[in-house]
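Below is one structure; the comments refer to it alone.
The values are calculated or read from the model by the stated rules, or taken from the named source; none is laboratory data. Predicted, not measured: the structure shown is a model, and the values here were computed from it. All Cβ positions, glycine included, derive from the backbone under ideal geometry; neighbour counts span all protein chains shown. All accessible areas refer to the heavy atoms of the entire protein, side chains included, with ligands and DNA or RNA removed. Shrake-Rupley method; radii C 1.70, N 1.55, O 1.52, S 1.80 Å.
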Amino acid sequence: MRAIDAGLLICHECHQLNPHKPDEEKQFCVRCGGHLHARRPNSLARTWALLISAALLYIPANLLPIMTVNSLGKGQSDTIMSGVIELVNYGMLPIAAVVFIASILVPTFKLVGIALLLYSVQRHQPMSARQRVLMYRFIEWIGRWSMLDIFVIAILVAVVNFGSLASIVPGYGATAFASVVVLTMLAALTFDPRLIWDNTKSDDDHE
Amino acid sequence: MAEPASSDNLPALEFERLIACHECDLLLRKPLTSAGEKVECPRCGYELYTHRSQVVRRSLALVITALLLYLPANFLPIMQLNLLGQVTEDTVWSGVLGLYSSGMQSIAVVVFLCSMAVPLLKLLCQFAVLLSIRLDIGRSYGLLLYRIYHHMREWGMLEVYLMGILVAIVKLVDLADLSIGLGLFCFIALLLVQIWLEVTMSPHQIWEALSGEDKHACD
Ligand SMILES: [Zn+2]
Ligand SMILES: [Zn+2]
């Protein structure tokens, strides 16, 4: 059985069980003082809102240049994709693969994955609880790695700073991309994984 | 493995002897754990807790090491680049400054938070929490700081930054004369110590020690 059915609330922060007092408007954890909720309030609506904002910013993040390389008066703008292609042309396939996975596959997968997770929790379709849980854990774990390109830009801007000889300037694509990463991470955090199990038929279907 | 608690024997069990899975809300009987044992949720497989020995003493040693490495890791040069006699240096801090001065204040703030501020605040919170357990003072502040620590966990990204350094090195190595600085080794050391610390400081033992439920939780 679930803790919620036994009249117990689990603290989000320290995982302590607290007896539910329905007559109290706000309840706090006896151990750490954290705010108690049976489920995170408006988890689905908030996650959708964050996800949609991230999806909108995803477009400029991929179209606008993330940085411009100025060398001897010539400027060359790089988008996320052209950066990967350039690495492939240099023959650095393993690094190109890492950047491709971190900056293109992961953000796309996260947007689609969270949307699928929300849809399947709301419509009780089309994934089993086990698949949803694996998806949720993967998204939660992988999210931070998309920040890779932002850190690369920070390092390149600092180190390639030779005045008119050669310099690198960040572009607005980078701002949009950083926002996408932060918003999708927030979306994964607002999503309450217990909702995944709430609408499965039996709570003992773990076999 | 922990056993699910069913409704027929529930009234007999006090809720102090139960735990619930944080990820799926399944109610379980609190298992008796000995050192080195891992407890997983039978339904969703979430790792409920691991019991380790000498948590506080080991974690304190690690947290102090990490704090000592923090300054050299962030302010010593990670790499130096030589282009036709002009030499530039890169540190974690100069990366933030470079973004800031090129008009990208918002990304500069994000990079500063994820690579410098959050990792430091996390270490300081862990240090204060461990001291409060060790010296038996200020437990309520310890609880608050440990809660703050858990909210920051997701946002410290040292391992991603290290991957960023590697990608940047690969991109630059053909363009100019590149040499690796001492800062990179300090940064790697800081990252390793921090990962070791997170593995050592098992949260449920720290919570129990902070709330004084179990005097021997951290032996
Ligand atoms: Zn709590
Ligand atoms: Zn579970």
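The lone criterion from (1) surrounded by fewer than 23 Cβ atoms within 10 Å (Cβ to Cβ); (2) under 30 Å from B:C41 (Cβ atoms); (3) modelled with pLDDT of 85 or more left unmet by A:T108 is number (2). Put simply, of A:P41, A:P65 the only residue that is more than 16 Å from ligand 1 (Cβ to nearest atom) and touching a residue at least 40 places away in the same chain (Cβ under 8 Å) is A:P65. With the condition kept exactly as written, say whether any residue in segment A:160-183 is of a type outside the set (G, A, S), surrounded by fewer than 19 Cβ atoms within 10 Å (Cβ to Cβ) and part of a helix (DSSP H, G or I). The answer is yes; a qualifying residue exists.
In the set A:G143, A:G163, only one residue is among the small types (G, A, S), on the phi > 0 side of the Ramachandran plot and at pLDDT below 90; that residue is A:G163.
Would you check if there is a residue in segment A:166-183 being more than 10 Å from chain B (Cβ to nearest Cβ) and more than 28 Å from A:S82 (Cβ to Cβ)? No - not one qualifying residue is present in segment A:166-183.
The residue pairs whose first member lies in segment B:125-143 and is farther than 19 Å from B:A61 by Cβ, whose second member is among the hydroxyl-bearing types (S, T, Y), and whose beta carbons are closer than 7 Å, counting only pairs six or more residues apart or on different chains, are B:G138/B:S132; B:R139/B:S132; B:Y141/B:S132.
B:S34 falls short on exactly one of the conditions (1) out of contact with any strand residue (DSSP E or B) (no Cβ under 9 Å at 6 or more places or on another chain); (2) buried (at least 16 other Cβ atoms within 10 Å of the Cβ); (3) in a loop (DSSP other than H, G, I, E, B), and that condition is (2). Taking B:L81 as the residue in question, decide whether it is in contact (Cβ under 8 Å) with a residue 40 or more places away in the chain, in contact with a strand residue (DSSP E or B) (Cβ under 8 Å, 6 or more places away or on another chain) and assigned by TED's automatic domain parsing to the domain that holds B:I169. For B:L81, the condition - in contact (Cβ under 8 Å) with a residue 40 or more places away in the chain, in contact with a strand residue (DSSP E or B) (Cβ under 8 Å, 6 or more places away or on another chain) and assigned by TED's automatic domain parsing to the domain that holds B:I169 - is met. Scanning segment B:53-69 for residues that are under 15 Å from B:K122 (Cα atoms) and either crowded, with 20+ Cβ neighbours inside 10 Å or of a type in the set (A, V, I, L, M) (or both) gives B:S59, B:L60, B:L62, B:V63, B:I64, B:A66, B:L67, B:L68, B:L69.
Residue-wise test of (1) under 18 Å from the mean Cα position of the chain (by Cα); (2) within 14 Å of B:P203 (Cβ to Cβ); (3) assigned by TED's automatic domain parsing to the domain that holds B:I195; (4) open to solvent by 20 Å² or more (accessible area, probe 1.4 Å).
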position: B:T91; (1), (2), (3), (4): no, no, yes, no
position: B:G98; (1), (2), (3), (4): no, no, yes, no
position: B:S102; (1), (2), (3), (4): no, no, yes, yes
position: B:A108; (1), (2), (3), (4): no, no, yes, no
position: B:F112; (1), (2), (3), (4): yes, no, yes, yes
position: B:L120; (1), (2), (3), (4): yes, no, yes, yes
position: B:L124; (1), (2), (3), (4): yes, no, yes, yes
position: B:A128; (1), (2), (3), (4): yes, no, yes, yes
position: B:M152; (1), (2), (3), (4): yes, yes, yes, yes
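Answer yes or no as to whether A:I114 is outside the structural domain of A:K26 (by TED's automatic domain parsing) and touching a Phe, Trp or Tyr at 6+ places or on another chain (Cβ under 8 Å). So A:I114 fits the description; yes.
For segment B:34-43, the criterion of being more than 16 Å from ligand 1 (Cβ to nearest atom), within 22 Å of the chain's Cα centre (by Cα), assigned by TED's automatic domain parsing to the domain that holds B:W155 and at pLDDT 85 or above is met by no residue. Look at segment B:186-203: where a residue is among the hydroxyl-bearing types (S, T, Y) and a partner is assigned to a helix (DSSP H, G or I), sitting 6+ places away or on another chain with Cβ atoms under 9 Å, you get B:T200/B:V55; B:T200/B:R58; B:T200/B:S59; B:T200/B:L62; B:S202/B:V55. Within segment A:1-39, the set of residues being more than 16 Å from ligand 2 (Cβ to nearest atom) and open to solvent by 60 Å² or more (accessible area, probe 1.4 Å) comprises A:H20, A:K21, A:P22, A:D23, A:E24, A:E25, A:K26, A:F28, A:V30, A:H35.
Counting only residues that are closer than 19 Å to B:G181 by Cα and within 8 Å of chain A (Cβ to nearest Cβ), segment B:98-128 holds 2 of them.
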